[in-house]
1. Determine the pairs where a residue that is on the phi < 0 side of the Ramachandran plot and without any contact (Cβ under 8 Å) to a residue 60 or more places away in the chain, located within the range 205-219, has a partner that is open to solvent by 10 Å² or more (accessible area, probe 1.4 Å) and of a type in the set (Val, Ile, Thr) with Cβ atoms under 9 Å apart, the partner being 6 or more residues away or on another chain.
2. Scan the range 107-134 residue by residue and report those that are buried (at least 19 other Cβ atoms within 10 Å of the Cβ), modelled with pLDDT of 95 or more and part of a loop (DSSP other than H, G, I, E, B).
3. So GLU246 fits all but one of (1) open to solvent by 50 Å² or more (accessible area, probe 1.4 Å); (2) outside any strand (DSSP E or B); what number is the exception?
4. Right, ASP344: among the charged types (D, E, K, R), touching a residue at least 12 places away in the same chain (Cβ under 8 Å) and in contact with a His (Cβ under 9 Å, 6 or more places away or on another chain) or not?
5. The conditions are (1) part of a strand (DSSP E or B); (2) surrounded by 21 or more Cβ atoms within 10 Å (Cβ to Cβ); (3) among the polar types (S, T, N, Q), and SER161 fails exactly one of them. Which is it?
6. Within the range 79-93, which residues are surrounded by fewer than 20 Cβ atoms within 10 Å (Cβ to Cβ) and either within 27 Å of TYR162 (Cβ to Cβ) or touching a residue at least 40 places away in the same chain (Cβ under 8 Å) (or both)?
7. Give the range 24-82 a look and list any residue that's of a type in the set (Ser, Thr, Tyr) and at pLDDT 95 or above, or say none.
8. For residues that are touching a residue at least 12 places away in the same chain (Cβ under 8 Å) and more than 30 Å from LYS271 (Cα to Cα), scanning just the range 53-76, find the one that is surrounded by the most Cβ atoms within 10 Å (Cβ to Cβ).
Amino acid sequence: MSRVSRYVMSNVGKKKNNEIGKVETMSIDEITMNKTLSGEGAPEQAPVYTDLANVTVKELRPVNGVPLRLNVDTQNQKVKDWATDNAEHIERLLQQNGALLIRGLKFLGSKQFGQVLASVFSSPLINYSFRSTPRTELRGNVYTATEYHSDQTIPQHNENSYTNNWAMRVGFLSTIVAQEGGATPISDSRKVYESIPVHIRDKFAKLGVMYVRNYSEIDVPWQEVFQTENKHEVEAYCLENQLDFEWLDDNHLRTKQVNQAVIDHPITGEKVWFNQAHLFHVSNLEQSVRDSLLNVMSEDQLPRNTYYGDGSPIELETLQIIRDALAEHTIRFDWQCNDLMLLDNMLFAHGREPFKGERQVLVGMAKPYKS
């Protein structure tokens, strides 16, 4: 992939974190020095659970001051059977907390991961269509996490929030832990919304976000985005999902769509910041890459860009305020092998830190929702 092709996920807004490389050493069957991720805290006993029937949010171990981690021991029960037995309680905790990090499970592979997700989400996993990043499909609608270069930061985002349909549930499994870095930080979309000044969020709520994408050899090609070689299938998808489309030449497709920026959660009724205006915008590029692109093409030919829903430009200072709000509410932890993280995709965004060494995180999604 060329330097220009890597443009989508840049280090713009990258937050320095001197915790990179730190690895937790807690096991599920001994008391260890369980310190907070800020490096503070006294030795404490970490409870381990098998039956989650009586576990409440209060029992979740805090990460950056936010209840998140649940240490479990399946007592030699197969992980799929344990997940089935506890699915109701996991969903209850997820509905109440929006995010859950389960530590102590042992997975045999991607197929078992997919089965566990389908069980705890009480819904089959869905196909990842209308993609924005490269990834590898495994079995049973399980995918690798975004496969951008390891030196790139992937900003906080809610999965598929640039579309008018998305998964309500997203699950991540850490199978190979990076030698350094590679965390998947998350952020509470309710707190992000509250942190953005009222005049900014009200304008976005009124106008929405316009996403303009050009699919060519520079970025992810339309064949990968739509998972087909058939143009008629692409057009059918666009028509079904209210995407304006235009073939500029035989292999160059442009789409435009206006979607939500702010939305009410369908279960809790809470307002959440739910869009990718900051990530798709040209200002998300490194300055040198941005200049290189604009030297060879006009703005409307950029692989991707965002505007207010009426087509007017989004102010750079506004985008920086949004990025700052996301950074302010970022929750970071170090992956351990077999860690399972479950998210309500509307309540929590996620991202990826740069890393060194080999890293693999698997992803599955369930419970489709359409605005």
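1. Once the first residue is on the phi < 0 side of the Ramachandran plot and without any contact (Cβ under 8 Å) to a residue 60 or more places away in the chain and sits in the range 205-219, its partners that are open to solvent by 10 Å² or more (accessible area, probe 1.4 Å) and of a type in the set (Val, Ile, Thr) give ALA205/VAL262; ALA205/ILE263.
2. PHE107, PHE121
3. With respect to (1) open to solvent by 50 Å² or more (accessible area, probe 1.4 Å); (2) outside any strand (DSSP E or B), GLU246 is out only on (2).
4. yes
5. Status for SER161: all satisfied but (1).
6. Selection gives GLU91 alone.
7. TYR49, THR50, THR56, THR74
8. VAL72
The values are calculated or read from the model by the stated rules, or taken from the named source; none is laboratory data. Everything quoted here is computed from the prediction, not taken from an experiment. Positions of Cβ are generated from backbone atoms using ideal geometry, with glycine treated the same way; all protein chains shown enter the neighbour counts. Ligands, DNA and RNA are stripped out before the accessible areas are found, and what is left, the full protein with its side chains, is counted by its heavy atoms. Shrake-Rupley method; radii C 1.70, N 1.55, O 1.52, S 1.80 Å.
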